[in-house]
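We did not get these values from a lab; they are worked out from the coordinates using the rules stated. None of these values were measured; they are calculated from a predicted model. Neighbour counts are summed over all protein chains in view; Cβ atoms, including those assigned to glycine, are modelled from backbone coordinates with ideal geometry.
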Amino acid sequence: MKIRLAGKKNESLIDGPGISFVLFTQGCLQKCPGCHNPDAQPLDGGTELTLEELQEEISSSASIDTLVFSGGEPFLQASALAQLGSWGHEKGLRIVTYTGYTFEYLQELSEEFPEYADLLKITDILIDGAYVEEERDLTLAYRGSQNQRILDCKISCQENTPITIDRYMKS
């Protein structure tokens, strides 16, 4: 199985808690005005890598404790990312997933696209919501606009409602 990427970043300190290996997935349908990754929007751009290639590269990054799926829109490649995230958990990594969709909408779509539920289940922290330029706030942790939330995805899935992680929500 392959994942189409716009880019990768090793040892990031700004894309999630801890030291992160960040995968910027290729492809997004939302086209949010002011998007900070517009080059990641075309579905046919980027580079394809196999899960094995990514696992090897991530494994060689001894100092990381978090694997981040950013975008583009990770849920467009939910099946492959769920597999990679499951492998990441086996290696002791925290999984952070960014999405332009809301948790509630992803839950609705999970009935039609079960791979969305698979990606939600392996995600520890979900940063949800489209970037809204009018709500831009650069003081927020891990987010670009006020409407976006940082959710405890495990508890949110168990409770079937979005549960924020308050220590990250404060500006």
Exercise for the section: At most 10 other Cβ atoms within 10 Å and a DSSP loop assignment: could you name the trypsin sites (Lys or Arg not before Pro) in region 95-171 that fit? Expected result: K170
Problem - Under 5 Å, built H, 5+ apart or other chain: amide partners of G7 - result: F24
Problem - Expected 222 nm ellipticity per residue - DSSP helices of 4 or more, -39500 (n - 2.57), all of the chain, to 500 - result: -8000 deg cm²/dmol
Exercise for the section: Mind scanning K8/K121; K8/K154; K8/K91 and naming the pairs with a C-alpha gap bigger than 21 Å? Expected result: K8/K121; K8/K154
Completion exercise
Two pseudo-spin positions, 7 Å from Cα along C-beta at T139 and at L109, lie apart in nanometres by 3.2 nm
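On full extension of the chain, what length is gained from A117 through L13, given 0.36 nm per residue of separation minus the C-alpha to C-alpha distance?
34.7 nm is the gain from fully extending A117 to L13.
Using the count of nearby Cβ atoms within 10 Å as a rough guide to exposure, how do D124, D137 rank from fewest to most?
Working: D124 21, D137 12.
Ranking D124, D137 by Cβ neighbours within 10 Å, fewest first, gives D137, D124.
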Practice task
Could you let me know the centre-to-centre spacing of region 110-171 and region 91-107, using Cα atoms, in angstrom?
Solution key: 6 Å
Problem - Alpha-carbon Debye profile of the chain, log10 I(q)/I(0) at 0.12, 0.19, 0.20 Å⁻¹ - result: -0.48, -1.34, -1.50
Handout entry: GNM top mover of S59, S20, S145 - the chain, alpha-carbon springs below 10 Å
Key = S59
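Kindly state, to the nearest 0.05, the FRET efficiency for D166 paired with D39, given R0 = 25 Å and r defined as their beta-carbon distance. Before the final figure, lay out the partial values.
Numbers: r = 33 Å, r/R0 = 1.34.
The value I calculate is 0.15.
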